[in-house]
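These notes concern the structure reproduced below.
Throughout, read-outs are computed from the coordinates displayed, never taken from laboratory work. The structure presented is a predicted model; accordingly, all values stated were derived computationally and were not measured. For neighbour counting, all protein chains shown are included, and Cβ atoms are generated from backbone atoms with ideal geometry for every residue, glycine included.
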Amino acid sequence: MAENNKNLDLDTFRNRFDQKVERTHWMSLHELADEESFFASVSEEFPQQAVPLQDGVDRRDFVKLMSSSLALAGLAACTVPPEKIVPYVRQPEDIVPGRPQFFATAMTLGGVATGLLVESHMGRPTKIEGNPDHPGSMGATDVFAQASILGLYDPDRAQTVRHLGNITTWTNFLGALGAELKPLKDAGGEGVAILTEPVTSPTLGSQMKAILAAMPKAQWHQWEPHGRDNVLEGSRLAFGGSFASTWYAFDKADVVVSLDSDFLASGPGSVRYARDFMSKRRIRRGTTAANRFYAVETMPTPTGTSADHRLPLKPSDIESFAFALAGAFGVGPGAKLDAAGDAFLKAMVKDLEAARGRSIVIVGNDQPASVHALAHAINAALGNVGTTVFNSDAPDAVPAIGRESLRQLVADMAAGKVKLLLMVGVNPVFDAPADSGFTAALDKVPFRASLSMYYDETGERCHWHVPQTHYLESWGDARAFDGTAAIVQPLIAPLYNGRDPIELFAILADDANLPYDIVRNYWKSQRPAIVFETAWNKWLRDGVIDGTAYVPKPMTVALGAIAPSMRSGDYEISFRPDPAVWDGRFANNGWLQEMPKPITKLTWDNAALMSPATATKLGLVGDRGLPGEGNERNLHLWSRRAPMVEIKVDNRSLKAAAWVVPGHPDGAITLHTGYGRTRGGSVATPKETAKGGGFNAYTLRTFDGLGYAVATVAMTSGDYQLACTQLHHVMPDEREIVRSGTLEDFVKNPALSAAHEGPHSGEMSLYPKWESETGYAWGLAVDTTVCTGCNGCVIACHAENNIAIVGKPQVLVGRELHWMRIDTYYKGGVSSPAMTVNQPLMCQHCENAPCEPVCPVEATSHSTEGINEMTYNRCVGTRYCANNCPYKVRRFNYFQFSDWDTESLKLMRNPDVTVRSRGVMEKCSMCVQRINAARIDAEREGRRIRDGEIRTACQAACPTQAIVFGDVADPNSLVSKLKAEPHSYRVLEEVNTNPRTSYLGAVRNKNKEIAG
Amino acid sequence: MQIFPRSANAIARASIVGGAAIVGLAGFLLYMLQQSPYVTQQKVALEQPVPFSHQHHVSGLGLDCRYCHTSVETSNFAGIPPVSTCMNCHKEIWTNAAMLEPIRASYRSGVAIQWERLHRTPDFVQFNHSIHVAKGIGCASCHGRVDQMQLTYQAMPMSMQWCLSCHRHPEKFVRPRDKVYDMTWKADDQQALGAQLVKEYRIQSKTNCSVCHY
């Protein structure tokens, strides 16, 4: 840049601004349809303009409130409110008041654990970090783990034992259960049924075995709406009858093929897989090779959009594709594909052939068993088994096919065979298949009890409901994707009288021990030969139990004759777990609800997601609301409501709002599950509406159509307001905001600069340069090649910085408070964008920050270390700074968004960060609290801060290590090295803000044989 | 006809000057009020559950500050001693003193004592004891002669202006590290020593907003 300075003259500038530039990266279909109006409409800071108060405060109320607050204003400031100091009576040895402690534990989702380190302030867990020693985490986390801290303190969790809806006690429950159980137990457990999630916890498994030994006729059922049924059945098909667990080593794979698997962002091991996978595509100066990734999928996912080549196919076509792929390797019958699919397949097969033993074919959970079986055969044929793909016995205590298990339970209940039903951590009334008749059958059980975190749809229909502990409140154990076991240790005593599953099972097994002892005793029995106390303490400290990983087991593929079985239709519905609320269990988590979902950027709702062409075909575009292909203009971006479609599967129907997604295959509709709750807390089901947001996809799901269904779809009357953030805080620059290219482009033009880009003004400024007083100069570098857009950073930032949520009505007017957003840009056609680039955007910490000079009260200022500081107590809320920010990263508290009243939420907050009040501006601080803490430690020890010692919350959470923080004044720091890369760029560099945050351009390793 | 007599001129002039003076005076009074102990709570000894005397324990008995305020060198919070610290001695001496009954009661029952906080910073201010101690700021510089306080009070105004007086000119206050806990220490030549220590301890006059506000 510097060498270009001398060439800068007025003519150059004039030419550059006269030039009509087209940006190739687009954000929205609106932009493609009518660029001019698009930029006009987003160029305002708040395009929707001022909105009146929405809470029904009329003029009279307003005057009343104003006068009373004026009267009180004088009094409030006079005296400092008294405060107490309450020291310990006997202080625990290892607690230093004011310094956080970290404890290792693990969180499970779908029975698979991610190891965590939880930050605790004086006994209050406040922040989740990944456990670097745990194979499923490697120090990073996903959104669910990050948001689970809010789940712990959720004031809506069930807090008391209930009997027929009335508050009662645990003792009463035990009495009732004991009385009911006694005769059944004497009869060998006949009539006793237990319904759990799939159990992989070794301790729970051994407890269940003990219970079944004591009551041989009792039935144990396992159900999870997005379980691993097809994975297990697929392995049974492939390996001749035995269930297997499969895991992958993406750090050894040069070619990866995903058949509808979202392995980078959800599902078992995804955090680890993302890290391993991206370790093969860190594009640096001189890089000429990277791994290659082909994705075939229906709904665009963070995984598919990170692929080098993505083939959008509707569900039944994916099956055909899998058969064709198998046919190419001679391990399956083959199938006929269309021309595009065939070309894609041929190029892919060639790559796979060339990477024998260094490739992976991975299949998504919801694909039919046959596809899983074929993948086993293909991986075996490619020699991947044992190098990149590993099999062993399934980890489940008793592996079960969930749908068979649930079907059996419903049949037993309907026949009156079940006398006593215990449900543990499940919500089948909400999430059982629509054709199961679960709810009706449940009503026939004379004694039914549910243990769950919320008094939910199932709890409501049970005689007894017992609050369940959060994982941060309970003892337990859990296995990672590769089998490594970890002890789940509590960080806090149960807040709400919760009980563990282990405690409940102990009662059934007549075990008088406490959960702590039960877990210890189990592991003691497993390791008789060691000094247990030492080992136990080490396990607790490390968060892993050594020597528990699965041992890969040679399994021979013995695949019988299989044929494609999926019916194709004009409209195929794909059911997927929601990226935010999963199967509905996180529906009461406001952080997740307000998180802009990857790709769609919808908040607070799900929708019937479809391609623009499908929307056109259904007549939903243009005047009906959606932008489509062609020139259907819809420029009232903020006020348009989404049209409704009616989806009919067999005789069941669902009306849902339609939404278009670039890259979605035609003739398919994706429905995310977990929405449309009817009971489950004030966020899941707000009081005003008594119904949760979104549309309940479970009403269309059947036992035989858990993953997909053939449907008829038609436009219907009505409309629905969806809150999508894709066009919030858009940078209205008609030049390129992001840089991207193929690996070939990178080799030729390492800067990845676009043709129209002229020289940048570089360091030109009238003002003197910032001199760092301490020698530190903080900066961030973000690698957009490896960013999958999973949102882990966004939620980590929420938790670290006490960011409030604002609710859907406020999101609709662009007032969400996220300090960082992930801007998604597309390149190429709407039906299958060649490139999807995620650019996480937070405050850029400009050295020539436009926000600073416009603040009338100097509430935003520059630290000598280069941080653009925001001083809340000075801010008077003029919003000039936000108005002057070209990056649109400043957020204003229009109302009192932080909840200052709920007691439990006070415990959750990070004590090192101010909780903001109404009327102040806020934004990314580069986690200055972490910088200050590290600086104080370093200064006390009389040394410099080491590179990597400070990790911002976003950086720590990132599974792919896309974000790097450090000292840019130190040329040897990692961040400096990244900034020196040829494809490092700064956003809107031409406006000369000189930001401290830089990005590495996104590179995809395209195969020349595939067009696009 | 003259409505205003000649003297009105003088009154008018006086009222202009007087008006300005009144506004100025009001402003000055407000400014003074803000700094007055009434607002800053300076020198106000609050009633505590036990009338603990620092004078007795520090001057009289010679206890080091860190015997009770254990985390002052490692944490942002200096630490208020748990009841068990009191009982280290009071198990043996003054075991029947009525004044100490709340301490014994707390020790027996396990119910913590609630002390009144004297030094209050607002929630948007982050203060760290350990770094100040490490950089040679004596306890007495901020807390006054605690060793002479029979009942403890806040000796300094604890206003931002007061914080900045040292952050802008640390050389006026810094002392050798080994004198941090010395209540009576006074430099012979603070200017010379201060300048030398600022260099030696690498003290940066941290006046960036984000040093305390985030």
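Given the rule -39500 (n - 2.57) for each run of at least 4 DSSP H residues, summed and divided by the residues of chain A, what is its mean residue ellipticity at 222 nm, to the nearest 500 deg cm²/dmol? Mean residue ellipticity at 222 nm (helix-derived): -7500 deg cm²/dmol. Hydrodynamic analysis of the stretch A:272-314 uses the Kirkwood radius over alpha carbon pairs. Inserted into Stokes-Einstein at 20 °C and 1.002 mPa s, it gives a translational diffusion coefficient of 187 µm²/s. Bridgeable lysines around B:Lys199 (alpha carbons under 28 Å apart, same-chain partners fewer than 8 residues away excluded): A:Lys769, B:Lys135, B:Lys172, B:Lys179, B:Lys186. Near A:Lys185: Cβ cut-off under 13 Å, other residues only, Lys/Arg at +1 and Asp/Glu at -1. The net charge is -1. In a reduced charge model with +1 at each Lys and Arg Cβ and -1 at each Asp and Glu Cβ, the stretch A:514-626 shows a dipole moment near 300 debye about its Cα centre. Considered as an equivalent ellipsoid built on the Cα gyration tensor, chain B has semi-axes of 45, 26, 16 Å, the largest given first. Rounded to the nearest 20, the size of the Cβ-charge dipole of chain B about its Cα centre is 560 debye, with Lys and Arg at +1 and Asp and Glu at -1.
Label-to-label distance, A:Lys350 versus A:Ala187, with points set 7 angstrom from Cα along the beta-carbon direction: 6.9 nm. Treat the stretch A:220-354 as a sphere of radius equal to its Kirkwood radius over Cα pairs and apply Stokes-Einstein at 10 °C in a medium of 1.306 mPa s; give the translational diffusion coefficient in µm²/s, rounded to a whole number. Translational D for this selection: 97 µm²/s. Close amide-amide hydrogen proximity is noted between A:Gly240 and A:Ala558, each under 5 Å apart and 5 or more residues distant or on a separate chain (H modeled in the peptide plane; Pro and chain starts excluded). Note on the protein assembly as shown: with charges restricted to the Cβ of Lys and Arg (+1) and Asp and Glu (-1), its dipole about the Cα centre is near 1540 debye. Between A:Lys691 and B:Ala105, the C-beta separation translates, for a Förster distance of 41 Å, into a calculated FRET efficiency of about 0.15.
Under 5 Å between amide hydrogens, built in the peptide plane, is the criterion, and for A:Tyr985 it picks out A:Tyr999, A:Leu1000, A:Gly1001 among residues at least 5 positions away or on other chains. Taking the alpha carbon gyration tensor of the stretch A:177-220, multiplying each eigenvalue by 5 and rooting it gives semi-axes of 20, 10, 9 Å, largest first.
How many percent of DSSP beta bridges within chain A run antiparallel, rounded to 5? DSSP beta bridges in chain A are roughly 60 percent antiparallel. Since only A:Pro995, A:Asn972, A:Tyr887 are under comparison, the one whose Cα sits farthest along the positive direction of the charge dipole of the stretch A:858-1012, derived from C-beta charges on Lys, Arg, Asp and Glu, is A:Tyr887. Cα-based radius of gyration for the stretch A:471-527, normalised by 2.2 N^0.38 Å, reads 1.17. Using 14 Å as the cut-off for backbone N distance, which residues of the stretch A:481-523 belong to the label zone defined by a point 7 Å from the Cα of A:Asp94 along Cα→Cβ? A:489-492, by backbone N distance to the label point. Our coupling estimate for the stretch A:601-615, obtained by passing each phi through the Karplus curve with A = 6.51, B = -1.76, C = 1.60 and θ = phi - 60°, is 6, 7, 10, 6, 8, 10, 7, 7, 8, 8, 7, x, 5, 5, 5 Hz, Gly and Pro reported as x. Once both labels are positioned 7 Å from their Cα atoms along Cα-to-Cβ, the gap between B:Lys43 and A:Tyr880 label points is 4.1 nm.
For a Förster distance of 41 Å, can you work out the FRET efficiency between the beta-carbons of B:Glu73 and A:Val398, rounded to the nearest 0.05?
Once the sixth-power term is evaluated, E becomes 0.15.
Each residue of the stretch A:250-265 is assigned a 3J(HN,Hα), and the resulting list reads 6, 6, 10, 9, 9, 10, 10, 10, 10, 9, 6, 9, 9, 5, 7, 9 Hz, derived from the Karplus form 6.51 cos²θ - 1.76 cosθ + 1.60 (θ = phi - 60°), x at Gly and Pro. Per-residue Karplus couplings for the stretch A:817-831, computed as 6.51 cos²θ - 1.76 cosθ + 1.60 with θ equal to phi - 60°, are listed in order as 9, 3, 6, 10, 10, 10, 7, 10, 10, 10, 9, x, x, 6, 6 Hz, Gly and Pro entered as x. May I ask for log10 I(q)/I(0) of the stretch B:1-98 at q = 0.10, 0.17, 0.22 Å⁻¹, from a Debye sum over the Cα atoms as equal point scatterers with solvent left out? Per q value, in the given order, log10 I(q)/I(0) is -0.57, -0.97, -1.21. Kirkwood hydrodynamic radius computed over the protein assembly as shown comes to 33.3 Å, based on all pairs of distinct alpha carbons.
Projected label points at A:Ala1011 and B:Gln196, each 7 Å from Cα along the beta carbon direction, are separated by 8.2 nanometres. Principal semi-axes of the equivalent ellipsoid, √(5λ) from the alpha carbon gyration tensor of the stretch A:864-1012, are 31, 23, 18 Å from largest down. Under 5 Å between amide hydrogens, built in the peptide plane, is the criterion, and for A:Gly334 it picks out A:Gly327 among residues at least 5 positions away or on other chains. Rounded, prolate or oblate: pick one for the stretch A:142-200, where a ≥ b ≥ c are the square roots of the eigenvalues of its C-alpha gyration tensor, a/c under 1.5 means rounded, and failing that, prolate if a/b is larger than b/c, else oblate. In terms of gyration-tensor shape, oblate. When the Cα positions of A:Gly877, A:Ser984, A:Leu907 are compared along the charge dipole of the stretch A:856-1012, A:Ser984 comes out farthest toward the positive end, with charges on each C-beta of Lys, Arg, Asp and Glu. Here's the picture: charge each Lys and Arg Cβ at +1 and each Asp and Glu Cβ at -1 in the protein assembly as shown, and of B:Ala21, B:Phe77, A:Met215 the one pushed furthest to the positive end of that dipole is B:Ala21. Straight-distance candidates among the aspartates and glutamates for linking to A:Lys617, with alpha-carbon spacing under 12 Å and chain neighbours fewer than 8 residues away dropped: A:Asp570, A:Glu629, A:Asp666. For the cross-link pairs A:Lys314/A:Lys597; A:Lys748/A:Lys923; A:Lys280/A:Lys346; A:Lys185/A:Lys538, the ones whose C-alpha atoms lie over 31 Å apart are A:Lys748/A:Lys923; A:Lys185/A:Lys538. For the stretch A:880-939, what does the alpha-carbon gyration tensor say about shape, rounded, prolate or oblate, given a ≥ b ≥ c as the root eigenvalues, a/c under 1.5 as rounded, and a/b over b/c as prolate? The shape class here is oblate. Taking Lys and Arg as +1 and Asp and Glu as -1, the other residues whose beta-carbon sits under 14 Å from that of B:Val83 total +3.
Averaging 1/r across all pairs of distinct Cα atoms in the stretch B:68-121 and inverting the result yields a Kirkwood radius of 12.5 Å.
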